[in-house]
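*Asks:* Supplied in structure tokens, the structure appears directly below.
What follows draws every value from the coordinates through simple rules; no lab data is involved. Because the structure is a prediction, the values reported are computed rather than measured. Because the Cβ atoms are built from the backbone with ideal geometry, glycine has one as well, and the counts that use them run over all protein chains shown.
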Amino acid sequence: MSAVKLFTGNSNPELAQEISRAIGLEMGAARVGRFSDGEIRVEIDESVRGADAYVIQSTCAPVNDNLMELLIMLDALKRASAGSVSAVIPYFGYARQDRKASPRAPISARLVTDLLEAAGVNRLITMELHAGQIQGFFDGPVDHLYASPVLTSYIQTLKLKNPVVVSPDAGGVERARAFAKRFHASLAIIDKRRPAPNVAEIMNIIGDVEGCDAVLFDDMIDTAGTISESALVLKRFGARRVFAVSTHPVLSGQAIQRLEESPLEEVIVTNTIPLSHAGRACSKIKVISVAEIFGEAILRIHNLNSVSTLFD
């Protein structure tokens with residue numbers, strides 16, 4: 001069987017190192033830097049001929065730089081005669097642009113998958129896509145991983161009283177329902193109206209949260225406007241304690257300030273995206289590692305074993 005080679009760009013080297021330790025493999029030798037004019041410069045410093053190469057790179061901020069690094073690394077490995085090249089994208093940027101939301105708008109998520117295919121990628125491994133249909137944009141196999149096992153394990157240590165999982169909008173109900181099922185919690189939904197992009201207006205709550213420990217669940221926290229407003233409304237409707245759980249801590253703009261000022265007791269996220277200095281300094285944020293999930297998925301793919309049983 002061919003060898004496994006792991007490589008990483010500059011977006012999230014800490015997670016890449018954790019994944020390599022989880023499966024007992026050293027990171028591949030590669031240099032990813034810049035020329036003086038800002039062009040990305042990639043050199044693979046070891047033979048990858050015939051190997052199964054995996055490039056670990058979240059397309060988080062700076063999104064376009066990290067995406068270009070990934071594309072150039074994939075191209076370099078393909079031209080170096082790697083047997084197969086897989087893109088491991090813990091956070092898939094542009095996933096919110098998965099459809100034409102208005103006339104003459106792009107479908108940027110499809111464009112990104114087209115670019116990945118043009119760079120020669122054979123397989124895509126990602127976690128908690130904002131829109132599941134993006135899997136259909138890619139012609140090769142897609143392994144869509146979930147952070148639920150590690151997030152659920154941590155939530156259970158909090159010893160919640162009358163737990164209720166709350167979806168911050170109607171679009172996340174299916175995701176929240178699946179999460180609630182894992183630890184036998186009830187479900188509530190926040191009826192939200194969004195008058196403008198990144199501006200959330202909370203209207204009502206569907207379900208009973210009075211006297212409960214509420215867990216707001218979403219795939220990502222971006223500006224934290226929705227999560228912080230939702231926490232205020234849950235408190236107003238009688239929730240005893242309020243937590244937030246999210247896979248991807250995008251945390252742009254005034255997100256950290258909003259989380260600090262909100263009634264949220266704790267914000268539980270994963271390390272698909274590295275936290276900024278402000279994020280690391282925020283006392284409310286708890287980071288759970290998903291390195292073992294990615295490591296196990298890579299081993300199962302390489303050994304031709306089932307990946308879906310990871311989440312049964």
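*Asks:* Output the relative contact order of the chain, whole-number percent, from Cα pairs under 8 angstrom with separation of 6+ residues.
*Replies:* It rounds to 14 percent for the chain.
*Asks:* Starting from the Cα-Cα distance between residue 133 and residue 278, subtract it from 0.36 nm times their residue separation and give me the gain in nm to one decimal.
*Replies:* 48.9 nm
*Asks:* Run the numbers for residue 174 and residue 208: contour at 0.36 nm per residue of separation, minus the present Cα-Cα distance, in nm.
*Replies:* 10.4 nm
*Asks:* Further, regarding this structure: For helix 13-23, what angle does its Cα long axis make with the longest principal axis of the chain, in degrees from 0 to 90 and rounded to 10?
*Replies:* It is inclined by approximately 80 degrees.
*Asks:* Between residue 75 and residue 191, what is the label-point separation in nm under the 7 Å Cα-to-beta-carbon projection?
*Replies:* 5.1
*Asks:* Using Cα atoms only, what is the angle between the long axis of helix 63-79 and the major principal axis of the chain, expressed in degrees (0 to 90) to the nearest 10?
*Replies:* 30
*Asks:* With θ set to phi - 60°, apply the Karplus curve 6.51 cos²θ - 1.76 cosθ + 1.60 along the range 232-243 and write out the HN-Hα couplings as whole Hz, x wherever there is a Gly or Pro.
*Replies:* Going residue by residue, I get 4, 5, 4, 5, 5, 8, x, 5, 6, 9, 10, 10 Hz, with x marking Gly and Pro.
*Asks:* Take the alpha-carbon centre of the range 110-126, take the same for the range 257-288, and report the distance between them in whole Å.
*Replies:* Centre-to-centre distance over Cα atoms comes out at 31 Å.
*Asks:* Return the sequence-ordered ³J(HN,Hα) values of the range 48-61 in whole Hz as given by the Karplus equation 6.51 cos²θ - 1.76 cosθ + 1.60 applied to θ = phi - 60°, using x for Gly and Pro.
*Replies:* Values, residue by residue: 10, 4, x, 7, 8, 9, 10, 9, 9, 7, 7, 8, 9, 5 Hz.
*Asks:* Would you please give the residues with an amide H less than 5 Å from that of residue 169, counting only those at least 5 places away or on a separate chain, with H modeled from the backbone geometry?
*Replies:* The answer is 190.
*Asks:* Provide the gained length on full extension for the span residue 265 to residue 288, in nm with one decimal, where the gain is 0.36 nm per separating residue minus the Cα-Cα distance.
*Replies:* 6.7 nm
*Asks:* Could you point to the label whose value was computed as semi-axes √(5λ) of the Cα gyration tensor in Å for the structure here, given (1) 51, 22, 16; (2) 35, 21, 18; (3) 29, 22, 20?
*Replies:* Matching the structure shown: (2).
*Asks:* Taking the number of other C-beta atoms within 10 Å as the exposure measure, put 174, 260 in order starting with the fewest.
*Replies:* Fewest-to-most Cβ neighbours within 10 Å comes out as 174, 260.
*Asks:* Restricting to lysines 8 or more places apart or on different chains, can you count the pairs in the chain with Cα atoms under 28 Å from each other?
*Replies:* Within the chain, the lysine pair count is 20.
*Asks:* Please list, in order along the range 303-310, the HN-Hα scalar couplings obtained from phi with the Karplus expression 6.51 cos²θ - 1.76 cosθ + 1.60 (θ = phi - 60°), rounded to whole Hz, x for Gly and Pro.
*Replies:* Those phi angles translate into 8, 6, 9, 5, 8, 4, 5, 4 Hz.
*Asks:* Check residue 220: other-chain or 5+ apart residues with amide H under 5 Å from its amide H, H built from backbone geometry?
*Replies:* For residue 220, the qualifying residues are 247, 248.
*Asks:* GNM, the chain, Cα, under 10 Å: largest mean-square fluctuation among 36, 186, 252?
*Replies:* Its mean-square fluctuation being the largest, the pick is 36.
*Asks:* On C-alpha positions alone, give me the angle between the axis of helix 108-118 and the longest principal axis of the chain, in degrees, nearest 10.
*Replies:* The angle comes out at about 20 degrees.
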